[in-house]
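Undergrad: One structure follows; several queries about it will come next.
The values are calculated or read from the model by the stated rules, or taken from the named source; none is laboratory data. All figures in this text were calculated on a predicted structure; none of them were measured in a lab. In this analysis, Cβ positions are derived from the backbone assuming ideal geometry, glycine residues included, and neighbour counts consider all displayed protein chains. Side chains included, ligands, DNA and RNA excluded: accessible areas come from the protein's heavy atoms. Shrake-Rupley method; radii C 1.70, N 1.55, O 1.52, S 1.80 Å.
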Amino acid sequence: MNKIALLLLACLAAPAMAEEVGEVSTTFKLLSPNDKVVVEAFDDPAVQGVACYISRAKTGGYKGALGLAKDPSRFSVACRQVGAIKFSRPLPKQEQVFKEGASFIFKHVRVVRIVDAKRNTLTYLSYSDKLLDGSPDNALTAVAVLDQKIPLQP
């Protein structure tokens, strides 16, 4: 396969993009943006009928306004069935479904879907990573699939 085809394939398999649902300020800053907690929502890109909500701290101040601040590794995730569950393809045992920057370059918030085949459940693990050292802070949620078997990649 040529390089252009591989690049297009990688773009199609990209993690979901989140949309902001709301935010609350946690500290007041007189002349620059406040620190806040942001709530974002995204749909699982391979599982129709499952939506995830992630809350995370965002640093304000002048660095935050310029996009240079390093956000804390504190977040929560909750995924729920919001409609009939339909699988667009067989799922791998583990797959990244969300990624968003939490600092200028080197830190990301990620959500990985892990299939618990024995219990027919989709689990979603949120964590952050950094180029040199990540954080052990994490959050977990699960969605049981009751009306069908989760299709798995061989």
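Undergrad: Working with all protein chains in place, sort Leu31, Leu140, Leu91 by solvent-accessible area computed with a 1.4 Å probe, largest first.
TA: Ranking Leu31, Leu140, Leu91 by accessible area, largest first, yields Leu31, Leu140, Leu91.
Undergrad: Once R0 is set to 25 Å, what does the formula 1/(1 + (r/R0)^6) return for the Cβ-Cβ distance between Lys149 and Ser76, expressed as a FRET efficiency to the nearest 0.05?
TA: 0.25
Undergrad: Between Ser88 and Val21, what is the label-point separation in nm under the 7 Å Cα-to-beta-carbon projection?
TA: Computed distance between label sites Val21 and Ser88 equals 2.1 nm.
Undergrad: Ranked from the most accessible area to the least, with a 1.4 Å probe and all protein chains present, what is the order of Lys93, Lys99, Lys36, Lys149?
TA: Output order, biggest surface exposure first: Lys149, Lys93, Lys99, Lys36.
Undergrad: Would you kindly derive the ³J(HN,Hα) couplings of the range 26-40 from the backbone phi angles with the Karplus curve 6.51 cos²θ - 1.76 cosθ + 1.60 (θ = phi - 60°), listing them in order in whole Hz, with x for Gly and Pro?
TA: Whole-Hz 3J(HN,Hα) from phi for the range 26-40: 10, 9, 9, 10, 5, 10, 9, x, 6, 5, 8, 10, 10, 10, 10.
Undergrad: Amide H neighbours of Val82 under 5 Å, counting only residues 5+ apart in sequence or on other chains, H built in-plane at 1.01 Å?
TA: It is Val50, Ala51, by chain and number.
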